[in-house]
């Protein structure tokens, strides 16, 4: 006959096995986030040639001054993957009807979910950050404080020791309704230096970018009609005012954030917020496998911003996985050896995208996954959020 003591020991053993398996799976998942440098050079060259051809043929322009794009054109498939073995994941999976219910609630503080037992904290690290996120502001413009600290940027097999200062990050991706206020007041390019990171020199708007930004409202509106199936913008307000804005180029996103008193987050800041800092979460909500309750992915249409509240990140942000890819400040390059409030501003051509999109498979929802593409492109599954 089994005693109560034996049953207690059996349960404890099962917990140890389960926790060990969770940690193993978390490390395995993060190991899939590889460097572009690990891809054979000829594969990268071929993809860049294909990208250039698509950009010229489908957009009808070169890389010179900005021109209005033809409507119903989308180059979502020209996103360049950071791992050759992962390149089959973009846009995979069948269509699934998205959930359109729910939106962001009023100002709040809430307990954040996630897997505390599989946080991945290294020796000496602590999870002392307040688990109740502080988010303030109007519903569509709410900002949540991201408490700074140290974490490991990038793939687990080659982690980059990184430090991030405290900052605020939009709770939601910028919505159509919020962007509409920017459109009505649009007068062209920001002043040089606008939208700069307070700790990173030369990170603000550059005058040579003016040619890549629409000069007035009319061409700005034209650029937002990049794909009849996936674009969320309409020239007149409609039922999609609370949806993430898509079809914004890097330069339009940068300009908006500067106009709103903010900036684009650095790649390190974005991953820090998504992975919960030192918790090193595989997904924003923790290490549990993705579900359609946690994120918008493997579907044919984007959902209303903030619909997937169970997928909330540690610091209170929503939709950091799935929904729309998000622009970050950085140019794409191999990770540095270390990162202290860093951003790549000089080396490279394409800009880094993070977070995955509604079209993508679940593999692209991991917090360490990085894509990159031409900053001039307007894509139906790319949006952004601002940092402050």
Cα gyration tensor shape of the range 231-332, rounded if a/c is under 1.5, else prolate or oblate by comparing a/b with b/c: oblate
Extended-chain gain in nm, criterion 0.36 nm per residue less alpha-carbon gap, residue 301 and residue 334: 8.7 nm
Residue-span extension gain [residue 163 to residue 218] - 0.36 nm each, minus C-alpha spacing: 15.6 nm
Long-range Cα-Cα pairs in the range 153-292 (distance over 28 Å), rounded percent: 30
Cα gyration tensor shape for the range 304-362, rounded if a/c is under 1.5, else prolate or oblate: prolate
Net length gained if the chain between residue 201 and residue 347 were fully extended (0.36 nm per residue, minus Cα distance): 51.1 nm
Separation in nanometres of the label points that stand 7 Å from Cα toward Cβ, at residue 211 and residue 291: 5.2
Nitroxide proxy distance, nm - points 7 Å out along Cα→Cβ at residue 388 and residue 132: 2.1
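A short reminder: the numbers here are calculations on the coordinates, not readings from a lab. Treat the numbers as computed from the prediction; the structure is a model and nothing was measured. A quick note on method: Cβ atoms are made from the backbone with ideal geometry, for glycine too, and the neighbour counts reach across all protein chains shown.
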